[in-house]
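First up is the structure itself, then whatever we jot down about it.
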């Protein structure tokens, strides 16, 4: 009896498998698929089929998200949003540099907080989309730095007061505080100094070329060039030849100034008396405050009482950039 029952169950199972395979072929035909597409699937047991279906659905979901993410980062809307957010990054009053390690730090922050930049999470799950976003970020930062420098140079020529300059640098919808004003004042005054250094560098370059051409030593004083003064500023190269600066290196110059400023702030904090301690943060705050006061005297005469619209930034994403994009 047991053998007969086993044989009967085997026949039923074979018939069931044939029915499943036949049904699989019918489904394939209705979907214009090759007849054997579901052959392996039809032979699976119920739990295996559920796992197979779940895996396929998850893969389809990921593919759908990746396609949607790719379409979005290719769009003009994303480019506009990314430009806006990166512009705010560049104009944050807390940046320790603008070129050195800057792009890498921004990319790190973008990955940490993609929602601020409206970047779908699927972007960073795909190597090609990740690379595309990185390249786009670097290109935008380079372009934005150039635009900011042009606006600073124009403000110097037009003697624009700091309130107007701030509005030119940060578009409507961004909150501007006194910290922004102070940083913009620093950038502008540094640009004035840098233009003078570039002019001096041009004269030094002429002197150097003249020496090379004549194979004779030219006295820098005859060309009204103070090489020792430039070297004393710490901007020469290792062999004591004064560095020849060009206007395109403005942001690199700013990075050097900020690095020196941080060094000075730490020294000041270290040697400050116990009775009147100075913190590094306090030293930096006073420095930028002095930059703003000097700027107001130079460019805002007759505009007494100027002050920014906001005491502090209240927009969450803008505040997050200011507080977290530091290194």
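The values are calculated or read from the model by the stated rules, or taken from the named source; none is laboratory data. Since this is a predicted model, take the numbers as computed values, not measurements. FYI the Cβ positions are ideal-geometry reconstructions off the backbone, even for glycines, and counts take in every protein chain you see.
Things worth noting here:
- Residues located in the stretch 1-35, provided they are within 17 Å of residue 46 (Cβ to Cβ) and either touching a helix residue (DSSP H, G or I) at 6+ places or on another chain (Cβ under 6 Å) or at pLDDT below 75 (or both): 12, 13, 16, 17, 20, 21, 24
- Scanning the stretch 293-312 for residues that are in a helix (DSSP H, G or I) and either in contact with a strand residue (DSSP E or B) (Cβ under 7 Å, 6 or more places away or on another chain) or surrounded by fewer than 15 Cβ atoms within 10 Å (Cβ to Cβ) (or both) turns up 293, 294, 297.
- Boolean, residue 309 is in contact with a helix residue (DSSP H, G or I) (Cβ under 9 Å, 6 or more places away or on another chain) and in contact (Cβ under 8 Å) with a residue 40 or more places away in the chain: no
Residues are listed down the side, and each one gets a yes or a no for (1) over 22 Å from residue 319 (Cα atoms); (2) in contact (Cβ under 8 Å) with a residue 12 or more places away in the chain; (3) surrounded by fewer than 15 Cβ atoms within 10 Å (Cβ to Cβ):
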{"site": "85", "(1), (2), (3)": "no, yes, no"}
{"site": "98", "(1), (2), (3)": "no, yes, no"}
{"site": "119", "(1), (2), (3)": "no, yes, no"}
{"site": "125", "(1), (2), (3)": "yes, yes, yes"}
{"site": "131", "(1), (2), (3)": "yes, no, yes"}
{"site": "144", "(1), (2), (3)": "no, yes, no"}
{"site": "172", "(1), (2), (3)": "no, no, yes"}
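- Taking the listed residues 190, 201, the one that is closer than 22 Å to residue 86 by Cβ and assigned to a helix (DSSP H, G or I) is 190, with no other qualifying.
- Of 69, 42, all but one fail to be under 30 Å from residue 146 (Cα atoms) and not assigned by TED's automatic domain parsing to the domain that holds residue 126; the exception is 69.
- The stretch 77-185 holds no helices (runs of 4 or more DSSP H) entirely within its bounds that carry 1 or more residues that are in the same structural domain as residue 60 (by TED's automatic domain parsing).
- Candidates 46, 103, 42: the one that is farther than 30 Å from residue 180 by Cα, surrounded by 15 or more Cβ atoms within 10 Å (Cβ to Cβ) and out of contact with any strand residue (DSSP E or B) (no Cβ under 6 Å at 6 or more places or on another chain) is 42.
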